[in-house]
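The values are calculated or read from the model by the stated rules, or taken from the named source; none is laboratory data. Computed from a predicted model, the values in this text were never measured in an experiment. Because the Cβ atoms are built from the backbone with ideal geometry, glycine has one as well, and the counts that use them run over all protein chains shown. Remember, those area values only see protein heavy atoms, side chains included, never the ligands or the DNA or RNA. Shrake-Rupley method; radii C 1.70, N 1.55, O 1.52, S 1.80 Å.
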Amino acid sequence: MMDITLTFDNGPEPAVTPRVLDILGNAGILATFFVLGSKLAEPERRGIAKRAFAEGHWIGNHTKTHTVPLGRVTDSATVITEIVETQSLIDELSHPDRLFRPFGGGGELGPHLLNQAAVEVLKNEKMTCVLWNAIPRDWEDPRGWAEVALSQCLSQTWSLLVLHDLPTGAMGRLKIFIDRVLDHGGRFRQDFPPECVPIVRGAVVSKLDAFVT
């Protein structure tokens, strides 16, 4: 069985996210949206996040500004702001596990994702760090990402896939991707592969060395 957990980063986007929600709703799929605090501060975008939450999707924290990977930030106050202010904006939309995904700066996993200050914030705020194991770079290849994603998902038992609900045109291929997965006998689920979640509610549950500067 090929299992896939869908996640969407960098929204909400009025021109894209509602259509993504329509597609997921029609397919009966629940996902997680890792939102930017700077966008959630806008009423229209917050309204979209509220719709996602009401429809059963999980809302996670993807930093406030998404400008520099936290492992490359030297000012601990900036790290705190990026995480804590976004979590405050998420407020009642938060998942009980207080989900957080670091900015990868191009989708790569590595020590640039976090620094010790970020780890301490996640621990103190009892947050859950959610990484990934499949990233088809849809922002670079809006038309071809679906085939790349399918190939990545076919290569492993359980994929935590990162997509982006951004106005690149990429989400025009989302239904095609979902249909291809179902054609291959795959199934969608909302929870995360344990190996992609090194911190759970503030407790470090697996080695962080590869992800911390």
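With r defined as the distance between the Cβ atoms of GLU147 and VAL68 and R0 fixed at 41 Å, what FRET efficiency is calculated, to the nearest 0.05? Computed FRET efficiency for GLU147 and VAL68: 0.85. On a per residue basis, the stretch 129-213 carries 47 Å² of accessible surface, using protein heavy atoms and a 1.4 Å probe.
Expressed in Å, the radius of gyration and Dmax of the Cα atoms of the stretch 33-183 are 15.9, 48. Normalised by the number of residues in the chain, the mean separation of alpha-carbon contacts (under 8 Å, six or more apart) gives a relative contact order of 30 percent. With a simple spin-label model that places each label point 7 Å from the Cα along the Cα-to-Cβ direction, the separation between ALA203 and ILE80 comes to 2.7 nm.
The spacing between the stretch 99-140 and the stretch 1-48, judged by their C-alpha centroids, is 18 Å. Stretched out straight at 0.36 nm per residue, the stretch from ARG51 to GLU195 would grow longer than its current Cα-Cα span by 48.9 nm.
Based on the alpha-carbon gyration tensor of the stretch 137-192, what equivalent-ellipsoid semi-axes (square roots of 5 times the eigenvalues) come out, in whole Å, largest first?
So the equivalent ellipsoid measures 19, 12, 11 Å along its semi-axes.
Here the sum of -39500 (n - 2.57) over DSSP H runs of 4 or more residues, divided by the residues of the chain, equals -8500 deg cm²/dmol at 222 nm, to the nearest 500.
If a/c stays under 1.5 just call it rounded; otherwise compare a/b with b/c (prolate if a/b is bigger, oblate if not). Do that for the stretch 1-92, with a ≥ b ≥ c from the square roots of the Cα gyration tensor eigenvalues.
prolate
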